[in-house]
Amino acid sequence: MKAQRPRLAVWKFASCDGCQLSLLDCEDELLTLAGAIEIANFPEASSLILDGPYDLSLVEGSITTAHDAERIQMVRQQSKFLVTIGACATAGGIQALRNFADVDDYIAAVYASPKYISTLATSTPISAHIAVDYELRGCPINKAQLIEVISAYLAGRKPSIAAHSVCIECKQRGAVCVMVQGTPCLGPVTHAGCGAICPSFRRGCYGCYGPMETPNTAALACEWQVLGATPRDIARVFSTFNAAAEAFRKESKAHGG
Amino acid sequence: MQHRPDGGTKAVISREALQQLIEALSAENCRVLGPTVRDGAIVYDEIAQVGNLPAGWTDRQEAGRYHLERREDDALFGFAVGPQSWKQFLHPPVETLWTARQGDDGISIATDRSETPIFAFIGVRACELHAIAIQDRVFLDGPYRDVTYGMRRQDAFIVAVNCGNAAATCFCASMGTGPKVDAGFDLALTELIDATRHEFVVEVGSEAGGDLLDRLPHRPAANADLLAAEAVIARTQSAMGRRLETDGLKELLQANLNHPRWDEVAARCLACGNCTSVCPTCFCTTVEDHSDLMGSSAERIRKWDSCFTLDFSYLHGGSVRTTASSRYRQWMTHKLASWIDQFGTSGCVGCGRCITWCPVGIDITAEAAAIRATPQSRKGEPHGGT
Ligand code: SF4
Ligand code: SF4
């Protein structure tokens, strides 16, 4: 008799859905995945929702409401192994810009009827609320890395996912460094994972995967200035999808962000 | 013609004969690789014809800076070295070592080596020949031969070039590795270009090189040709942009493991690993094991690693080199000092790539000079890993 397949649940918090869609985007692997794991709760893919507990939960999005702060506790209770996916879930996402402003000002500026909006003053990563077993970075995540995480989970091994700079991936694919040719790039302080997409198209890295393992953002910012970046440019470039990640937040602040 | 592999035979060939050389190597099923312009740099890639070479281009290099400029002539090799080295072919950045499959009759393990190409490298510089020789020692000498490196290396045909230009970041002269090629090539070219001619003096370095030269239109080199070739090398030698004082360097560095300079350089160092990727002698790798979703197949992949990552020194319980100063020190003292203990030569050939391609322009020659200027020499003091 076939052994029972582990049960998968996919959860959404404050996010754009891009990361969970990466899972649906795994066209070649999707049928195999459905054979290896029981997709028990994935509203984006199927209206059939089976009750918990779940063996593996993938959590997308950040915590921005009191309701979600409670809901994530329920998700943790129902999940044996919980993986957060994407910049929102691992660092608070672009919506964490509210952490550095007055959220009521934002609400007043954006919504016609602010009174209907009930939200927290901050956007925080899942790990600020519950214990997380593994964090997969990226905005959005790389689908090959997602398959790697799930395959590793199924085999009971550690995922082969590096925390070093984008530069190492950039050199592995034979791309020519854009920074040395005069284009400011965040690659040296950014976590690998995308495969150095932007530099291989002659653009500087935007930092989608957040800080690498030992980011020396101050030294990089210094070199950016030599290349002509203003303090405002630097404050802004560190204030995007991973704005609330500590190393990026600090560097942005140091330049008036 | 009798060829002495010690570089006895010298001839002169034209630009057209160079085209025939490329064709002859292609006809022998070689993968012909050489310098070509891509993405604003001179990289190494497939060469089908002389027209693919970077005619009329030169490189301007400084610490952390690189750009191409037009030359006043159409020299084919009128530049120094670019962001890549031959390492990417002989010791590729990503390599599948084996794949395993779970079948009906158990597990089978396969190593697919059917695709190993025969390389022909056009335009290998003196420093690069030394770098290849260093990697040969690492991978092929001693009891643990690297099989796939050996397969890629054994039949590689090498057309070297004596440098006609030194970059501001070059210091092969102080490392004793250039600019004149001395060994390890099949043919070596020296480009002679002026208003009246565009030719190449060819030196034969092996029997295979001699055989190939015989099939190309050539004339014996006259004394004037040889003098012109010597002048090219002498001019390059005197135009070296940088210098590294190697006298007593090993002892100096090994006696200064707690020098404050390591912390100063660490304040600038991004620990990005670019220096190790571009270095033609850095050879470290990591292996990754991947299994598939069904648990029915697995593969082991080898990738370039860098001593600047935390994982590189991860022992039980954590990384033993957590600070950038310990990692920069590890890299530089290995390259310039303990490499000599380990392999009998310096690990640096003076190509200057780590200087040019460091995003913040950290300069190995300047770092060594700074320690030489203020030695602390507190011998015997233990240095911690971190
Ligand atoms: S020396 Fe330069 S290239 Fe090397 S790790 Fe440090 S910043 Fe990166
Ligand atoms: S250490 Fe730097 S200069 Fe020396 S061989 Fe390596 S890249 Fe070239």
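The values are calculated or read from the model by the stated rules, or taken from the named source; none is laboratory data. Just so we're clear, the structure is a prediction, and the values are computed from it rather than from any experiment. Cβ sites come from the backbone with ideal geometry, for glycine too, and all protein chains shown count toward neighbours. In case anyone asks, the SASA skips ligands and DNA or RNA and just uses the protein heavy atoms, side chains included. Shrake-Rupley method; radii C 1.70, N 1.55, O 1.52, S 1.80 Å.
Observations on the model:
- Of everything in the range B:328-343 that is over 14 Å from B:C269 (Cβ atoms) and open to solvent by 30 Å² or more (accessible area, probe 1.4 Å), the residue that is nearest to the other protein chains (Cβ to nearest Cβ) is B:H334.
- Considering residues of the range B:45-64 that are in contact (Cβ under 8 Å) with a residue 60 or more places away in the chain and open to solvent by less than 70 Å² (accessible area, probe 1.4 Å) only, the residue farthest from A:Q181 (Cα to Cα): B:I47
- Qualifying residue in the range B:219-242 (condition: open to solvent by 40 Å² or more (accessible area, probe 1.4 Å), in contact with a helix residue (DSSP H, G or I) (Cβ under 7 Å, 6 or more places away or on another chain) and under 15 Å from B:A188 (Cα atoms)): no
- Test result for B:A133, open to solvent by 10 Å² or more (accessible area, probe 1.4 Å), touching a residue at least 24 places away in the same chain (Cβ under 8 Å) and within 14 Å of ligand 2 (Cβ to nearest atom): yes
- Within the range B:196-217, not a single residue is under 30 Å from B:G64 (Cβ atoms) and not aliphatic (A, V, I, L, M).
- Just one residue in the set B:S346, B:S325, B:S319 is away from chain A (no Cβ under 12 Å) and open to solvent by 10 Å² or more (accessible area, probe 1.4 Å); that residue is B:S346.
- Qualifying position, being outside the structural domain of A:A89 (by TED's automatic domain parsing), open to solvent by 10 Å² or more (accessible area, probe 1.4 Å) and within 16 Å of ligand 1 (Cβ to nearest atom), among A:P231, A:P184: A:P184
- Any hit, the range B:281-289, residues being away from ligand 2 (no atom under 16 Å from the Cβ) and among the aliphatic types (A, V, I, L, M): yes
- Test: residue in the range B:260-281 that is among the polar types (S, T, N, Q), over 22 Å from the mean Cα position of the chain (by Cα) and at pLDDT 95 or above: no
- Here B:L140 does not qualify as among the hydrophobic types (A, V, I, L, M, F, W, C), closer than 30 Å to B:P217 by Cα and under 23 Å from the mean Cα position of the chain (by Cα).
- The condition (being open to solvent by 10 Å² or more (accessible area, probe 1.4 Å) and either within 13 Å of the chain's Cα centre (by Cα) or within 14 Å of chain B (Cβ to nearest Cβ) (or both)) is satisfied by just one residue among A:D17, A:D55, A:D25: A:D17.
- Residues of the range A:182-209 classified as in contact with a Phe, Trp or Tyr (Cβ under 6 Å, 6 or more places away or on another chain) and closer than 21 Å to B:I355 by Cβ, total: 1
- Scanning the range B:259-281 for residues that are open to solvent by 20 Å² or more (accessible area, probe 1.4 Å) and not in a helix (DSSP H, G or I) yields a single hit, B:P260.
Yes or no, residue by residue, for (1) surrounded by fewer than 16 Cβ atoms within 10 Å (Cβ to Cβ); (2) assigned to a loop (DSSP other than H, G, I, E, B):
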{"residue": "B:E69", "(1), (2)": "yes, no"}
{"residue": "B:D74", "(1), (2)": "yes, yes"}
{"residue": "B:F79", "(1), (2)": "no, yes"}
{"residue": "B:E95", "(1), (2)": "no, no"}
{"residue": "B:W98", "(1), (2)": "yes, no"}
{"residue": "B:Q102", "(1), (2)": "yes, no"}
{"residue": "B:T116", "(1), (2)": "yes, yes"}
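- Verdict on B:V360 being open to solvent by less than 20 Å² (accessible area, probe 1.4 Å), more than 15 Å from ligand 1 (Cβ to nearest atom) and outside any strand (DSSP E or B): no
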